[in-house]
1. Please specify each residue of the stretch 153-196 satisfying the condition of being under 26 Å from residue 131 (Cβ atoms) and among the charged types (D, E, K, R).
2. So which pairs qualify, if the first residue must be in the stretch 1-15 and free of Cβ contacts under 8 Å to residues at least 24 places away in the same chain, the second must be in a helix (DSSP H, G or I) and of a type in the set (A, V, I, L, M, F, W, C), the Cβ gap must be under 6 Å, and the two must be at least 6 apart or on different chains?
3. Residues in the stretch 1-23 that are farther than 15 Å from residue 104 by Cβ and of a type in the set (Lys, Arg): how many?
4. Only one of these is hydroxyl-bearing (Ser, Thr, Tyr), in contact (Cβ under 8 Å) with a residue 60 or more places away in the chain and either closer than 17 Å to residue 7 by Cα or part of a helix (DSSP H, G or I) (or both): 136, 100, 126, 132. Name it.
5. Out of all the residues in the stretch 136-146, is one or more out of contact with any helix residue (DSSP H, G or I) (no Cβ under 7 Å at 6 or more places or on another chain) and farther than 18 Å from residue 66 by Cα?
6. Collect the residues in the stretch 162-176 that are among the aliphatic types (A, V, I, L, M) and not in a helix (DSSP H, G or I), keeping them in residue-number order.
7. Under the condition of being surrounded by 14 or more Cβ atoms within 10 Å (Cβ to Cβ) and among the aliphatic types (A, V, I, L, M), which residue from the stretch 154-171 is farthest from residue 67 (Cα to Cα)?
8. Taking the stretch 93-110, which residues are surrounded by fewer than 13 Cβ atoms within 10 Å (Cβ to Cβ) and more than 21 Å from residue 27 (Cβ to Cβ)?
Amino acid sequence: MAYDRYIAICIPLHYGTLMDSRACVKMAAAAWGISFLYAALHTGNTFSIPLCQGNTLGQFFCEIPQLLKLSCSDTYLREVGLFVVSLCLGFVCFAFIVLSYVQIFTAVLRIPSGQGRHKAFSMCLSHMAVVSLFVSTTAFAYLKPSTISSPAQDLVVAVLYVVVPPVVNPLIYSMRNKELKEALKKLIQLVLVQQQ
């Protein structure tokens with residue numbers, strides 16, 4: 001998505017040739033392939049852990065930290081290994097997104113008209129909001145110290161990063177729609193009038 005916005009804003013005349021169906025298929029295949037390998041790494045690691053405290057989790061999400069709590073073997077090296085792989089993969093993705101947006105914002109700031117800058121920023125802000133929401137909730141879920149962890153807190157945090165971004169995603173992207181903005185303004189005005 002960041003690359004798409006970068007091409008659309010920084011080099012719009014080449015958008016049709018750079019973002020053709022072949023490029024979209026390659027990007028989707030790369031994302032799916034990396035996701036599959038990452039999931040296979042976690043799955044293989046999880047299935048190789050001996051569970052000696054039963055197989056009942058205190059949550060309805062099958063989270064890796066919760067599975068590691070059920071293990072009777074020392075999981076420190078596994079956790080560190082997965083953390084390093086996750087950190088490297090996450091850093092590469094995050095760096096690519098940040099680099100794309102730095103180039104986008106420098107190109108947008110060079111646009112002479114205020115209306116053009118506003119349109120370009122509105123295209124990017126929705127994507128940045130969704131990415132920021134997902135990254136921040138996921139980072140909090142996996143980087144918080146285990147000493148402050150409780151089952152109730154783990155459940156709330158899991159809901160935050162599993163449910164909230166997909167639910168809020170359509171709302172954030174649809175806020176660029178003029179009809180939806182007008183309907184939302186009318187709804188807020190109606191609620192305010194009813195409260196008075």
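1. Result: 154, 176, 178, 179, 181.
2. 7/18; 15/7; 15/8
3. Number satisfying all stated conditions: 1.
4. None of the other options fit; the residue is 100.
5. Yes, the conditions are met somewhere in the stretch 136-146.
6. Across the stretch 162-176, the qualifying residues are 163, 175.
7. 168
8. The answer is 106, 109, 110.
The values are calculated or read from the model by the stated rules, or taken from the named source; none is laboratory data. Remember, predicted model here, so these are calculated numbers, not experimental data. Reconstructed Cβ throughout: ideal geometry from the backbone, glycine too, with neighbour counts over all protein chains shown.
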